[in-house]
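Visitor: Okay, here's the structure, questions in a sec.
The values are calculated or read from the model by the stated rules, or taken from the named source; none is laboratory data. The model shown is predicted, which means the values in this text are computed figures rather than measured ones. Here the Cβ is made from the backbone with ideal geometry for all residues, glycine too, and neighbour counts use every protein chain on show.
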Amino acid sequence: MFEVYSLTGMAAHLIILLLFSVLKGWSQVTSSGKSISIPCLYESQYKNHVKYLCEGYDWTFCKYAVKTNEADPSGKYLISDDKKLKIFTVTINHGLKSENSGWYWCAKGDIQIPVYLNVTVKPITSEYCKISNKIQDDNCYSTLPLSLLLLLLLVLLFLLLFILLLKREQWNMGKILH
C-alpha cells in the first residue's frame, strides 16, 4: 500500500536545498569591485557531465560564461566541481560592476537553475574617507579624534559632578530647615 523511500547518497538538507533552488532559483547580492561565488547543486547522474554558467535573461538565448571542461582565458570566471559533495561553484572574480547585474544559469545536463545577481554601487559617505582621500572600503569609516572624545568625556564628568554637588547642597539645606 505505502512504499517507504530512504535518502541514500545525499543528505536530506541538500535535497531540500536542491528543491528550493530548482523551484525558486537563487538571488545573490554583492557590491561593485568585489567577487562572488555561486554554488550550484546537482544530482549523482550529472557527476561526470560538463557543468557551466550561462549568462542572459532567457535560458534559450544565454551565452556560456564558463564550463568545467575549459578554463576561462580572461580570468573573470573560475569554476570548480566538487564531485563528492555534488556542487560546482562559479566565482566571478574582482571587478564586478553594476553592468554585471542580471540573470545567470547554473546548468548541468538538462537542468538549469536561474540565479539573479544584483551588483550594487556603494556610495562614499564617510567624511574620514573624503578628507583623507582614501578609497572607500571596509576599513574606512568616520571617527572622531581621540582628543575630542576625551574632551567630551571630561565635560560629561564635570556636568555629572556639578549635578551631584547641587543635589547634595539641596539635601543639606533640607536637613537644616527641619
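Visitor: Which pairs turn up if I take residues in region 40-59 that are on the phi < 0 side of the Ramachandran plot and of a type in the set (Val, Ile, Thr) and look for partners that are at pLDDT 90 or above and assigned to a loop (DSSP other than H, G, I, E, B) with beta carbon separation below 9 Å, at least 6 apart in sequence or on another chain?
Guide: Close Cβ pairs satisfying both conditions: Val50/Thr68; Val50/Asn69.
The rows are residues; the columns are (1) without any contact (Cβ under 8 Å) to a residue 24 or more places away in the chain; (2) touching a Ser or Thr at 6+ places or on another chain (Cβ under 8 Å).
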residue	(1), (2)
Ala65	no, no
Pro73	yes, no
His94	no, yes
Trp105	no, no
Asp110	yes, no
Lys122	no, yes
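Visitor: Still on this structure, I have one more. Please determine whether any residue of region 44-53 is assigned to a loop (DSSP other than H, G, I, E, B) and either within 25 Å of Val121 (Cβ to Cβ) or within 24 Å of the chain's Cα centre (by Cα) (or both).
Guide: Keep residues of region 44-53 that are assigned to a loop (DSSP other than H, G, I, E, B), which gives 47-50.
Next, from what is left, pick out any that are either within 25 Å of Val121 (Cβ to Cβ) or within 24 Å of the chain's Cα centre (by Cα) (or both): none.
Within region 44-53, not a single residue is assigned to a loop (DSSP other than H, G, I, E, B) and either within 25 Å of Val121 (Cβ to Cβ) or within 24 Å of the chain's Cα centre (by Cα) (or both).
Visitor: Moving on. Looking at Ser101, Ser74, which is the one that is surrounded by 12 or more Cβ atoms within 10 Å (Cβ to Cβ) and closer than 20 Å to Gly33 by Cβ?
Guide: Details: Ser74 fails: surrounded by 12 or more Cβ atoms within 10 Å (Cβ to Cβ).
Criteria check complete, one pass: Ser101.
Visitor: Taking into account only those residues within region 77-90 that are surrounded by 15 or more Cβ atoms within 10 Å (Cβ to Cβ) and on the phi < 0 side of the Ramachandran plot, which is farthest from the chain's Cα centre (by Cα)?
Guide: So the first thing to find is which residues in region 77-90 are surrounded by 15 or more Cβ atoms within 10 Å (Cβ to Cβ), and the list is 77-79, 81, 86-90.
Filter once more, so that each one left must be on the phi < 0 side of the Ramachandran plot: 77-79, 81, 87-90.
Details: Tyr77: 18, Leu78: 18, Ile79: 19, Asp81: 22, Ile87: 19, Phe88: 19, Thr89: 16, Val90: 15 Å.
Within region 77-90, the match that is farthest from the chain's Cα centre (by Cα) is Asp81.
Visitor: Next question, about the same structure. For region 68-95, what are the residues that are over 25 Å from Lys122 (Cα atoms) and among the hydroxyl-bearing types (Ser, Thr, Tyr)? Reasoning before the result, please.
Guide: Taking region 68-95 as the starting set, the residues that turn out to be over 25 Å from Lys122 (Cα atoms) are 68-74, 79-89.
Thr68, Ser74, Ser80, Thr89 - these are the residues of region 68-95 that are over 25 Å from Lys122 (Cα atoms) and among the hydroxyl-bearing types (Ser, Thr, Tyr).
Visitor: Within region 11-60, track down each residue that is surrounded by fewer than 16 Cβ atoms within 10 Å (Cβ to Cβ), modelled with pLDDT of 55 or more and of a type in the set (Val, Ile, Thr).
Guide: Listed by number, the residues that qualify are Val50, Thr60.
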